[in-house]
Amino acid sequence: MEFTVELTDAQSRVIIEKGCHTRLKDYMDFDGRVMVVTDDNIPDSLKETVLGQFDGAVLAEVPQGEKAKSLEIYSHLLAVLLENGFSRKDWIIALGGGVVGDLAGFVASTYKRGCRFVSIPTSTLAQIDSSIGGKVAINMNGIKNCVGSFYHPHTVFVDTDTLKTLEQRHFYNGLVEAVKAGCICDEQLFDLFKEHAAELDADSPYLEEIITRSLLIKRDVVQQDEKEQHLRKILNFGHTVGHAIESLYNLRDYYHGECVANGMLMIEENGQIKSDLISIFTKMHIPFITDIDTEKCIEFIKNDKKAGGGTIDIVKVDRIGEAYIEKIEIEEMRRYFGS
Ligand SMILES: NC(=O)c1ccc[n+]([C@@H]2O[C@H](COP(=O)([O-])OP(=O)(O)OC[C@H]3O[C@@H](n4cnc5c(N)ncnc54)[C@H](O)[C@@H]3O)[C@@H](O)[C@H]2O)c1
Ligand SMILES: [Zn+2]
């Protein structure tokens, strides 16, 4: 299956097919040189499979985890490109999770004012969410994604075979974004989780459908609101509180999807939806975070980039498949924390 994301100044092609990462040249012509950006925890077999398809490809390996989205590593990657004489017609391939995608995408967006960029997402989070939409960024001074741009990949290769080696906790963490997509736009997707959450793994017959449905939702929303002026905010269901919880635990103890899952639960006011979410997240082994410091979270929310003038836009879901944005006073957020 494949589709395109149509944007004002660009187009991304998204290929969702088992085995596609093993035969990249069957899908497109890579004229020019290739640098593969990956992290030091991605299995060697994946790296070899991708590198083996290009003569003279340059491998740039960064440390695994959020710390790789730094100015230092960003400038190191630019230096590697310069030392190897890359031009803006050459290719950067991101092979890894959301960290590698955000970092390599930001490098691609700025090197010689933009060189060609392909993504091979290898985590559920990256396959379901971060690989499309064009948000690329690094962190600075402990603030997530505060230096970045919008830059869309030429092609995204989504191959669920690459997920076989992903740790179970990361596997479920990324799937939270698909549960979110179901909540805001797609009841059938939500039903897939209600029925099959307990049996999902890389070999699940439902996985490709879950990923495809999630990506199509994101595609439709992003096409209508590329730069997050309004509609795109619905993708942030659970994220306002989720980001605050992430910051509370120093972006370390809990993963992004786990924090978003807890954020969805805190914001959700419909009893039936909430109990369905609890049941789904229990089956996905998502930790329920109970020791949340309300005051610190409210402070984080106040500092959040989406908060302006004492109010904040939050995403509400009263019926599965339908989301809306509500502007509220930040102080009103307290009621979601039970205080
Ligand atoms: N650009 C966007 O729209 C967007 C959206 C959501 C999140 N993000 C960003 O994504 C990042 C999180 O992404 P993530 O959860 O994929 O984290 P990640 O990239 O750190 O990957 C998680 C871990 O899984 C490992 N891994 C990845 N693929 C693997 C595989 N196939 N086999 C074995 N191990 C594998 C990685 O080495 C890493 O240790 C954050 O930086 C977040 O800000 C971006
Ligand atoms: Zn998210």
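The values are calculated or read from the model by the stated rules, or taken from the named source; none is laboratory data. Not measured: the values here are computed from a predicted model. All Cβ positions, glycine included, derive from the backbone under ideal geometry; neighbour counts span all protein chains shown.
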Query raised in the report: Among L216, L251, which is the only one that is touching a residue at least 24 places away in the same chain (Cβ under 8 Å), within 16 Å of ligand 2 (Cβ to nearest atom) and outside the structural domain of G65 (by TED's automatic domain parsing)?
Result: L251
Query raised in the report: Restricting attention to the range 19-41, does a residue exist that is under 22 Å from the mean Cα position of the chain (by Cα) and more than 20 Å from V100 (Cβ to Cβ)?
Result: yes
Report task. For the range 56-91, name all the residues that are out of contact with any Asp or Glu (no Cβ under 7 Å at 6 or more places or on another chain), more than 9 Å from ligand 1 (Cβ to nearest atom) and within 20 Å of L125 (Cβ to Cβ). Result -> K67, S70, I73
Query raised in the report: What is the number of the single condition among (1) more than 23 Å from I211 (Cα to Cα); (2) more than 16 Å from ligand 1 (Cβ to nearest atom); (3) over 23 Å from the mean Cα position of the chain (by Cα) that S45 does not meet?
Result: (2)
Query - 3 or more residues over 12 Å from the mean Cα position of the chain (by Cα) and modelled with pLDDT of 95 or more: qualifying strands (runs of 3 or more DSSP E) within the range 107-183 - result: 116-121, 143-150, 155-158
Requested in this report: Determine which single condition I314 fails, assuming it passes every other condition in (1) modelled with pLDDT of 90 or more; (2) in a loop (DSSP other than H, G, I, E, B).
Outcome: (2)
Report summary line: The number of residues in the range 92-129 that are under 15 Å from S70 (Cα atoms), more than 8 Å from ligand 1 (Cβ to nearest atom) and either not hydrophobic (A, V, I, L, M, F, W, C) or not assigned by TED's automatic domain parsing to the domain that holds G19 (or both) is 1
**Report entry** Neighbours by Cβ (under 7 Å, 6+ apart or cross-chain): first from the range 164-182, under 23 Å from G321 (Cα atoms); second within 9 Å of ligand 1 (Cβ to nearest atom) and among the hydroxyl-bearing types (S, T, Y)
**Finding:** N173/Y255; G174/S123; G174/T124; L175/T124
Query raised in the report: Which one of these is free of Cβ contacts under 8 Å to residues at least 40 places away in the same chain, among the charged types (D, E, K, R) and assigned by TED's automatic domain parsing to the domain that holds Q188: E258, E268, E322, E295?
Result: E295
Query raised in the report: So which residues in the range 195-223 are assigned to a loop (DSSP other than H, G, I, E, B) and not aromatic (F, W, Y)?
Result: L200, D201, A202, D203, S204, P205
**Report entry** Condition check for K274: basic (K, R), away from ligand 1 (no atom under 15 Å from the Cβ) and more than 29 Å from D161 (Cβ to Cβ)
**Finding:** yes
